[in-house]
Amino acid sequence: MYKYDAIDRQLINERVAQFRDQVHRWKAGELADDEFRPLRLQNGLYIQRHAPMFRIAVPYGMLNSAQLRAMASVARKYDRGYGHFTTRHNLQLNWPKIEDVPEILAELAEVEVHAIQTSGNCLRNITTDQFAGVAADEIIDPRPLAEIMRQWTTFHPEFAFLPRKFKIAISGTKEDRAVTWFHDIGLHLKVVDGQVGFTVIVGGGLGRTPIRGEVIRDFLPWQDILSYCEAVLRVYNRYGRRDNAYKARIKILVQALGIDAFRAQVEAEWAHGKGGPMTITQAEYDRVAAHFTAPTYETVGDVELPDEKPFLNWLVRNTHAHKVPGYAAVTLSLKKHGIAPGDITSEQMDVVADLADRYSFGELRISHEQNIILADVKQTDLHAVWQQARAAGLATPNIGLLTGMICCPGGDFCDLANAKSIPIANAIQARFDDLDYLFDIGEIDLNISGCMNACGHHHVGHIGVLGVDKNDAEFYQVTLGGRQGNDAKLGKVIGPSFAADEMPDAVEKIIQVYLESRHEDERFIDTFDRIGIDPFKNRVYEGRAHGKAKAAQKEAA
Amino acid sequence: MSQLIKNGAAAADSWKTLEIGEGETPETLALPAGDVIFPLAVWQARKSELAGRERLGLLLQPDDKVEDVAADVARFALIAVNFPKFVDGRGYSTAALLRQRYGYTGELRAVGNVLHDQLFFMKRVGFDSYALTDGKNLAYAIERGFSPFGDAYQGATDQPQPYFRRRA
Ligand code: HEM
Ligand code: SF4
């Protein structure tokens, strides 16, 4: 894992001092609220429903045990002893005091953790695949380039006040696990004729206008990634819309110009930067890559694992193929039924840090599905990891299953929400609490967002749930058939929205249609692709008044 | 009004900015004498009349295209880039282009909503004078505003070599 050197340390320490001074000037009335706002946002501080919300970066999802312990400690000391892992490699605290944030930042800086550019209209945290470096289907480890890009984005002077936020994701595997088609820039590492480079995708995004990105460049040598991104950003900074926040993302500019015209502008701009000083040197790549070398794996002999059903269930769902024989990657589920998805207590963070030290070279990953990964566990240790994780409530065997859902904080925490999302998640978890049933249903992504902003990725859930506001009441719109991965696409709306208490039934009916219609070995999404949306629609709205009948009902009421 | 910072100190401002008043057009308004900063439209409409002047200033708005003056930059003693709101970051690209691509070497001034916490970024992209918004603490801005960070990762106008090319 990357370790800071003198310059990295200097810059984050200077950042803490800078923010301390800014908070001080704001309190003293020298900085107006709207002058302070972008400054605090670029240090991860939102003002939310109950309190400020503070977002700590986990760059490209990597953490070590000391860093997680420091997060546990600040959550305990300055907050209510828990945090929330988001879909973008961040940890959010829900209740800190603004005045404490400089102190929190100082404590985090000691373990090389920061909150730089975790919100605001700037270059955000770069995300990647939680199995980077260990995935069996990896082409190139994305982490060295992600770290080089992290440094480049940090305090970039030209792009600190973009029209809107800007998110970059990198995937280095055959199967995309980083939702690269729905980022402002999505990057796929690949090797062509022995040369390493990227497919560059631009203009994707979820939110209120979900758009799948388009390929702007089929092959870009890795050395050119910084100068090329600068060209994209310069065109966006100059010509992206600033009159309307909802139309300010790069996706709107790309749509307005068309990908070909946008590409032509970027290429014209890049002609000036190409081959210039921002070209990454082999020496720099090697320096950074040296931090991401494989740990000293042992030779693991024959592995005999206990034949206990709960353990075997966990093995099936929560462990993943590793490129080194005898090892596995383990997902610790933050999706225990009844808990807000992605939430973790300080005590649990400490347990996870201990597990990492004991069984996984002291390192951890955060996935965009809001779980924690121990990437390098010996198969002979799996049973011990399971027991300890289970004791801490972190071994729910539901990864990739219905209740392993993604869910945003929603109306319980977020000012922008149309509706609550956590209670919906919990109600669905309660309905599907039977493990055998969950296993029988098999792989399915259920994603919930409390509003159009789509923080919970509802558009790319096989089942997507979106909170909507109808005459001041909370309702939920359901989409089917969305997906992430190589053929990522947006779900289709099934029909009129549901009240909160109708949601578990609606999901159950959808599942029933699948179970009745599936061919052997068909996952939910395969069945959906085969039979289409109508059978689901018919079942879900069966007996439900609609059209004229509904209007008549309303009249009568 | 604003408070001018130049060469790391408070400075007097000899320049006046010409405003196009109501009912006036760039083609017809009177061109005052002295150190005047002209809006782009006035420069474009009145180039030949202004050609003889010794010291010329130009004002660029966020949506003015810097390409339009690419061939003329050597004519200006001062180019002012306006930030009507400090969160509108287009002026950073304008400045970077003037310095890096079009070889502008005269005074490059940030005007408008210019605040303490953006001075470092402005300096990095190539500004060398700053019309700090009135009412803001000038002495503190001079003391701290330009140096929150002792170095930087990226190449920019003030230091074209990114840090990784300067590592020992
Ligand atoms: C509670 C405070 C939060 C606020 C105020 C907030 C605000 C927003 C807004 C306004 C957007 C739409 C941006 C656009 O379309 O231009 C958005 C998108 C998004 N946010 Fe949040 N968010 C919050 C929490 C979260 C959390 C907890 C997560 C992760 C679980 C998250 C991850 C995302 C993602 C992945 C997107 C959509 C991707 C995209 O940018 O297109 N946000 N957020
Ligand atoms: S999707 Fe909406 S409700 Fe949920 S966190 Fe994002 S902005 Fe808030």
Exercise. Might you report the magnitude of the Cβ-based charge dipole of the range A:143-288 about its Cα centre, with Lys and Arg at +1 and Asp and Glu at -1, to the nearest 20 debye?
Key: 700 debye
Quiz item: Say each of A:A261 and B:A168 gets a label point 7 Å from the Cα, pointing the same way as Cα to Cβ; how far apart are those two points in nm?
Solution: 5.3 nm
Exercise. Take every DSSP beta bridge whose two residues both sit in the range A:417-556, then give the antiparallel share in percent to the nearest 5.
Key: 75 percent
Exercise. With a 1.4 Å probe on protein heavy atoms only, tell me which residues of the range B:117-137 lose at least 40 Å² of accessible surface in the complex relative to the chain by itself.
Key: B:D117, B:F121, B:K136
Quiz item: Just which residues of the range A:215-261 lose 50 Å² or more accessible area with every protein chain there, against their chain alone, with the probe set to 1.4 Å?
Solution: A:R234, A:R238, A:R242
Self-check item: Computed over chain A: relative contact order in percent, which uses C-alpha pairs under 8 Å that are six or more apart
Solution: 12 percent
Self-check item: Carbon and sulfur %, accessible surface of the range A:366-481 computed with the full protein complex present, 1.4 Å
Solution: 48 percent
Exercise. Take every DSSP beta bridge whose two residues both sit in the range B:1-153, then give the antiparallel share in percent to the nearest 5.
Key: 30 percent
Exercise. About the Cα centre of chain A, how large is the charge dipole given +1 on each Lys and Arg Cβ and -1 on each Asp and Glu Cβ? Please answer in debye to the nearest 20.
Key: 1760 debye
Quiz prompt | Local electrostatic count at A:N313 - Lys and Arg +1, Asp and Glu -1, tallied over other residues with Cβ under 13 Å | solution = -2
Self-check item: Euclidean distance between Cα centres, the range A:432-478 to the range B:142-168, Å
Solution: 46 Å
Quiz item: Can you give the net charge of the other residues whose Cβ lies under 12 Å from the Cβ of A:D381, counting K and R as +1 and D and E as -1?
Solution: 0
Quiz item: B plus A alone minus the pair: what accessible area, both sides summed, probe 1.4 Å, in Å² to 100?
Solution: 3700 Å²
Exercise. Might you tell me the accessible area per residue for the range A:309-391, computed with a 1.4 Å probe and given in Å²?
Key: 33 Å²
Exercise. Identify, among A:Q379, B:Q118, A:I170, the residue whose Cα sits farthest towards the positive end of the charge dipole of the protein assembly as shown, taking +1 on the Cβ of Lys and Arg and -1 on the Cβ of Asp and Glu, with the dipole about the Cα centre.
Key: B:Q118
Exercise. Enumerate the calculated ³J(HN,Hα) couplings along the range A:284-297 in order (Karplus 6.51 cos²θ - 1.76 cosθ + 1.60, θ = phi - 60°), each rounded to whole Hz, writing x wherever the residue is Gly or Pro.
Key: 5, 4, 5, 4, 6, 4, 4, 7, 10, 5, 5, x, 7, 5
Quiz item: Which length gain, in nm to one decimal place, applies between A:R287 and A:D412 when the Cα-Cα distance is subtracted from 0.36 nm times their residue separation?
Solution: 40.5 nm
Self-check item: Neighbourhood charge, 11 Å Cβ-Cβ cut-off, centred on A:G203 and excluding it, Lys, Arg +1 and Asp, Glu -1
Solution: +2
Quiz item: If you plug each phi of the range B:94-111 into the Karplus form 6.51 cos²θ - 1.76 cosθ + 1.60 with θ = phi - 60°, what whole-Hz ³J(HN,Hα) values come out, in order, with x for Gly and Pro?
Solution: 4, 5, 4, 5, 4, 6, 7, 9, 9, x, 6, 10, x, 5, 10, 10, 8, 10
Quiz item: Among A:L206, A:V192, A:L220, which residue has its Cα positioned farthest towards the positive end of the charge dipole of the range A:181-221, with +1 placed on the Cβ of Lys and Arg, -1 on the Cβ of Asp and Glu, and the dipole taken about the Cα centre?
Solution: A:L206
Self-check item: Lys/Arg +1, Asp/Glu -1 at C-beta; chain B dipole; positive extreme among B:L108, B:N137, B:S147
Solution: B:S147
Quiz item: Can you give the relative contact order of chain B as a percent, counting alpha carbon pairs under 8 Å and 6+ residues apart?
Solution: 20 percent
Quiz prompt | Karplus 3J(HN,Hα) series, Hz, for the range A:503-510 with 6.51 cos²θ - 1.76 cosθ + 1.60 (x for Gly, Pro) | solution = 5, x, 4, 4, 5, 4, 5, 4
Practice problem: Can you send over the carbon and sulfur percentage of the accessible area for the range A:251-312, probe radius 1.4 Å, protein chains only? | Solution: 54 percent
Quiz item: For the range A:309-391, what does the equivalent ellipsoid look like in terms of its semi-axes, each the square root of 5 times an eigenvalue of the Cα gyration tensor, given largest first in whole Å?
Solution: 19, 14, 12
Practice problem: Could you state how much accessible area B:T25 has, in square angstrom rounded to the nearest 10, with a 1.4 Å probe and all protein chains kept in place? | Solution: 50 Å²
Exercise. Run through the DSSP bridge list for the protein assembly as shown and note the antiparallel percent, rounded to the nearest 5.
Key: 65 percent
Quiz item: Does anyone have the angle between helix B:40-50 and the longest principal axis of chain B? Alpha-carbon axes, 0 to 90°, nearest 10?
Solution: 60 degrees
Quiz item: Just how many % of Cα pairs in the range B:76-122 lie over 12 Å apart, if you round to the nearest whole percent?
Solution: 60 percent
Quiz item: How about the range B:138-159: which of its residues lose at least 20 Å² of accessible area in the presence of all protein chains relative to their chain isolated, using a 1.4 Å probe?
Solution: B:Y140, B:R144, B:P148, B:F149, B:G150, B:D151, B:Y153, B:Q154, B:G155
Quiz item: What share of all Cα pairs of the protein assembly as shown, in percent, falls into each consecutive 10 Å distance bin?
Solution: 3, 14, 23, 24, 18, 10, 6, 2, 0, 0
Quiz prompt | Extension gain (nm, one decimal) between B:D63 and B:D13, 0.36 nm per residue minus Cα-Cα | solution = 15.5 nm
Quiz item: Regarding chain B, what is the average projected area of its C-alpha convex hull, in nm²?
Solution: 10.6 nm²
Self-check item: Gain upon complete extension [A:R9, A:D34; 0.36 nm per residue less C-alpha separation]
Solution: 6.0 nm
Practice problem: Post the alpha-carbon centroid distance, the range A:134-181 to the range A:187-203, in whole angstrom. | Solution: 12 Å
Practice problem: Tell me which residues come under 5 Å, amide H to amide H, from B:G112 once H is placed; ignore anything under 5 positions away on its chain. | Solution: B:F83
Quiz item: Under unit Cβ charges (Lys, Arg +1; Asp, Glu -1), what dipole magnitude, rounded to 20 debye, does the range B:2-166 have relative to its Cα centre?
Solution: 620 debye
Self-check item: Accessible area in the full protein assembly, largest first, 1.4 Å probe, for A:W152, A:W95
Solution: A:W95, A:W152
Quiz item: Are there chymotrypsin sites (Phe, Trp or Tyr not before Pro) in the range A:300-376 that DSSP marks as loop and that have at most 10 other Cβ atoms within 10 Å, and which are they?
Solution: none
Quiz prompt | Accessible area in square angstrom per residue, the range A:147-243, 1.4 angstrom probe | solution = 26 Å²
Practice problem: May I ask for the equivalent-ellipsoid semi-axes of the range A:143-288, computed as the square root of five times each C-alpha gyration tensor eigenvalue and listed largest first in whole Å? | Solution: 24, 17, 15
Quiz prompt | Longest site-free stretch - chain A; sites: GluC sites (Glu not before Pro), DSSP loop, at most 16 other Cβ within 10 Å | solution = A:309-442
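The values are calculated or read from the model by the stated rules, or taken from the named source; none is laboratory data. In this text the structure is predicted, and so the values were computed from the model without any measurement. A quick note on method: Cβ atoms are made from the backbone with ideal geometry, for glycine too, and the neighbour counts reach across all protein chains shown. Side chains are part of the model used for accessible areas, which takes the heavy atoms of the whole protein and leaves out ligands, DNA and RNA. Shrake-Rupley method; radii C 1.70, N 1.55, O 1.52, S 1.80 Å.
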